[in-house]
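In what follows, a structure is listed as C-alpha cells, so that the remarks can point back to it.
The values are calculated or read from the model by the stated rules, or taken from the named source; none is laboratory data. Just so we're clear, the structure is a prediction, and the values are computed from it rather than from any experiment. FYI the Cβ positions are ideal-geometry reconstructions off the backbone, even for glycines, and counts take in every protein chain you see.
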Amino acid sequence: MKNLFISAALVVSALSVSSCKKDDKDTTPTETTGTVELNMAHRWGMGADNFLLNMELVHPMTQDTMTFTTFKYYVSNIKFKKADGSWYVHPESYFLVDLATAGSEILSIPNVPTGEYTDMEYTMGVDSLRNVSGAQSGALAVANNMFWSWNSGYIMVKAEGTSPNSGSGSFAFHLGGFMGSNNVVTVKTVNFAGNSLTVTGGHTSEVHMTVNPAKLWHSSASLATTSSLMMPGATAKTMATDFYGGIAFDHIHE
Amino acid sequence: MVVSLLITSTNNNHSPLFDRGDFFQNMRTILFIVAISAFLFSCKKAEIENYKEWGFEKPSHFPEPHYKFENNTQTYDRFDLGRELFYDPILSLDSTISCAKCHAQTHGFADHNVNFSLGVNNTVGKRNSPALSNLAWYPNFMWDGGINHIETFSFAPITNPLEMHETMTNVVAKLNASAHYKEKFKKAYGSETVTDQKLLKALAQFMAMMISAESKYDNYVLGKTTFTSAEENGLQLFKTHCASCHTEPLTSSFGFANNGLDSDFTNDLGRGLVTQDPNDNGKFRIPSLRNVALTYPYMHDGRFFTLNQVLDHYSNGIVQSSTLATSLGTGFNFTTQEKQDLITFLNTLTDQNYLANPFLSEKKK
C-alpha cells in the first residue's frame, strides 16, 4: 500500500515536471508562425472623412444626408502567396466586420508560416458553398442576422440608418446573392509589390486596408429613389460591386 | 418493478415452495415470470435498439435522399434533442407556439382545419402550414422553395413575426438558461453550450427522420398487398393525370407549378418571389400527397377543405394564365366515378404507422 502511494506520488510529480517543461518550451523564441492582422479602416468618400455609426454624413455624389446605424459585411477566404509561388490558405476564414462591435474591423489570422509574402487574396462576401451547406457557426451563424430566412443565402453587406432624403426617413440595404448573374461574391487580390509582407515568428504583421462605404452609391440612385433593398438582383449586384471595388490595400506595418 | 410485484403475489399464492406438486406449479410460475420479464425487458430495450437499427434507412422503393446528414452525424441523442425542441414552445417569443402547434402528427404534420395558422399574438400566417414527411428528400423547402437546406429551415418559422416571432439569439439564451437543455445539448453535441448551429442541426435530425413509407400504397408498390378494383382504377387515373407532377413514389417531383388557381398573382407571387423570374409567378411547390386525406385544407392558401373540392378544381376549375402548367390544359373533366376512384386511391396514401409513430410523437415527461 505504501509502495502504491509512493509510486502514485512519483507519477504525479513526473506529470507536473513534464508539464513544467512544456511551458518552458512554449516560451522559447523558435516559433515558425506569426499572425497577420487585416485592419479595415473605414473612410467616407474621396476626402477620406471619418466614418462612424450614428454620425451624420453627406454623400459626395447623391448629396443625401445619411446617418448609419448598422454597417456590417463579410470578408472571407484569406490567402497569402510566398515569393516561391506557394500559398498559405487560412482555414475556416470567415470574418464579419460589424461597426457596432469594437475590434471586428481587425481580422486576425494566426498560424501564418514565417516568411516573405508577395501577394494576398481575399473574398468579399461568403462563397457560394457556405450559402448552401446548412447551419454554420461563428461569423456565419444565422444568429448574426446576416442570413435571409425566407430566401436562403448570406446578407453580405448590411447598411441601415436614417436619412431625411428617404421617403420613409430611413434606409436599409441588405446586399447578397451567390448564384448566376446575381452573384455578388468578389475575389480580390493585392500585390504588395516591392513592399512584401514579412511574417516573423511570434509577431503580428499588419496589413492596412481602406474601405469606403460611400462607394455603395457610386453608381446608384439617391435614397429619395431607392431607400430599401432586401433581395439579390441587379441593384444589389451594382451596389456590392461598387463597394467592393473601392476596398483597397493601403500599407503594411511589421 | 412490475416483475417484483408479480413475484410477491405468486409467493403469496404458492407457499410452501418445495412441495413436489407445487414445484412444477412454481416452475411454471418462474418460467412465466422469466417470460414476462424478458418481454418487458425486450420492450424497453426494443425502443432504443429498434431505433438504432432504424436510424435513417432509405425505404427500398424510395430514391436516394437529398440530405445525408453531412456534418451532422446521426445519433439518438441529437434526434431526441430535436424531437423535444420540435414540441417545445420555448422556440417562440412568448413560449406559446411550438413547431408541433401547426404541424400535428395526427394530420400528417399539417395544421388541420385552418387555411392559415396563427402565430404569436394570434397573428395570421400568409400560407397554409404544409404537411411534413420525407423531408430528407426535399432539395429545398417552403411553398416557394426559398430555403435551400433542411438545417437552415427552422430559422424561418422561429424568426418570422407571423409565426414564432423570436430571435435566434433569444432562443439560444433561453436554452442556455435551462439546466435540462444544457444537459441534453451536452449529450448530443459534447458541450453544454447551446448555439444556434446545434439547435438547427438537432431539429434537422428530427425532421429528416420523418419518414412516411408504410401506407397501403407503399405495401402495394412493394408487392405486399393488393388494391381493390376502385383503388387500382384510381391509381391508373393518378398515373395518367397526376403523376407527372406528383411523381411516385414520393408523390412529388419537388418542383413548382401554377395549378390554375388564379390569374392574378399580385397577392402572392409564389416561386417568382424567390427567383424574381416573372415566368415563375403563381407557381408553388408541388406538394407530396402522402397522408393527403388528413392534411386538409389544401393548396398554398388552404382554399379547399375537401379532396372533392380539389378534384372539382382539376376537373373543371382550371383558371388560365401565362404560367399555367401546360399539363393541366383546361382541366380533366373527371366523371363522378373517376373522382370517387381517385379519392379511394388517395386514401391508400394514409400511413397509419407514420401518424402513430411513437418516435415522432411528443415525449411524455
Within segment A:126-145, is even one residue crowded, with 20+ Cβ neighbours inside 10 Å and more than 14 Å from every other protein chain (Cβ to nearest Cβ)?
no
Do we find a residue being within 13 Å of another protein chain (Cβ to nearest Cβ), assigned to a loop (DSSP other than H, G, I, E, B), more than 25 Å from A:SER222 (Cα to Cα) and not hydroxyl-bearing (Ser, Thr, Tyr) anywhere in segment A:175-186?
yes
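Name every residue in segment A:146-156 that is in a loop (DSSP other than H, G, I, E, B), within 9 Å of chain B (Cβ to nearest Cβ) and buried (at least 21 other Cβ atoms within 10 Å of the Cβ), in order of residue number. Spell out how you get there, then give the answer.
Step one: of segment A:146-156, the residues in a loop (DSSP other than H, G, I, E, B) are A:146, A:148-153.
Subset that is within 9 Å of chain B (Cβ to nearest Cβ): A:148-153.
The answer is A:TRP148, A:ASN151, A:SER152, A:GLY153.
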Selection from segment B:123-147 of residues that are within 12 Å of chain A (Cβ to nearest Cβ) and surrounded by 19 or more Cβ atoms within 10 Å (Cβ to Cβ):
B:ARG127, B:ASN140, B:PHE141, B:MET142, B:TRP143, B:ASP144, B:GLY145, B:GLY146, B:ILE147
Given the conditions (1) in contact with a Leu (Cβ under 6 Å, 6 or more places away or on another chain); (2) away from every other protein chain (no Cβ under 14 Å); (3) within 28 Å of B:GLN205 (Cα to Cα), and given that A:LEU99 satisfies all but one, which numbered condition is not satisfied?
(3)
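Is segment B:89-99 home to any residue that is within 11 Å of chain A (Cβ to nearest Cβ), over 23 Å from B:PHE359 (Cβ atoms), assigned to a loop (DSSP other than H, G, I, E, B) and in contact (Cβ under 8 Å) with a residue 24 or more places away in the chain?
Of the residues in segment B:89-99, the ones within 11 Å of chain A (Cβ to nearest Cβ) are none.
For segment B:89-99, residues within 11 Å of chain A (Cβ to nearest Cβ), over 23 Å from B:PHE359 (Cβ atoms), assigned to a loop (DSSP other than H, G, I, E, B) and in contact (Cβ under 8 Å) with a residue 24 or more places away in the chain: absent.
Residue-wise test of (1) modelled with pLDDT of 95 or more; (2) surrounded by fewer than 15 Cβ atoms within 10 Å (Cβ to Cβ).
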site	(1), (2)
A:MET46	no, yes
A:PHE51	yes, no
A:GLU56	yes, yes
A:GLN63	yes, yes
A:THR67	yes, no
A:PHE71	yes, no
A:VAL75	yes, no
A:LYS79	yes, no
A:ALA83	no, yes
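Please determine whether any residue of segment A:157-167 is away from every other protein chain (no Cβ under 14 Å), more than 23 Å from A:PHE68 (Cβ to Cβ) and under 15 Å from the mean Cα position of the chain (by Cα).
Quick first cut of segment A:157-167, residues away from every other protein chain (no Cβ under 14 Å) only: A:157-167.
Next, from what is left, pick out any that are more than 23 Å from A:PHE68 (Cβ to Cβ): none.
Taking every residue of segment A:157-167 in turn, none turns out to be away from every other protein chain (no Cβ under 14 Å), more than 23 Å from A:PHE68 (Cβ to Cβ) and under 15 Å from the mean Cα position of the chain (by Cα).
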When you scan segment B:149-254 for helices (runs of 4 or more DSSP H) that lie fully inside it, which ones turn up with 1 or more residues that are under 23 Å from the mean Cα position of the chain (by Cα), surrounded by 20 or more Cβ atoms within 10 Å (Cβ to Cβ) and within 14 Å of chain A (Cβ to nearest Cβ)?
B:150-153, B:155-159, B:179-189, B:196-208
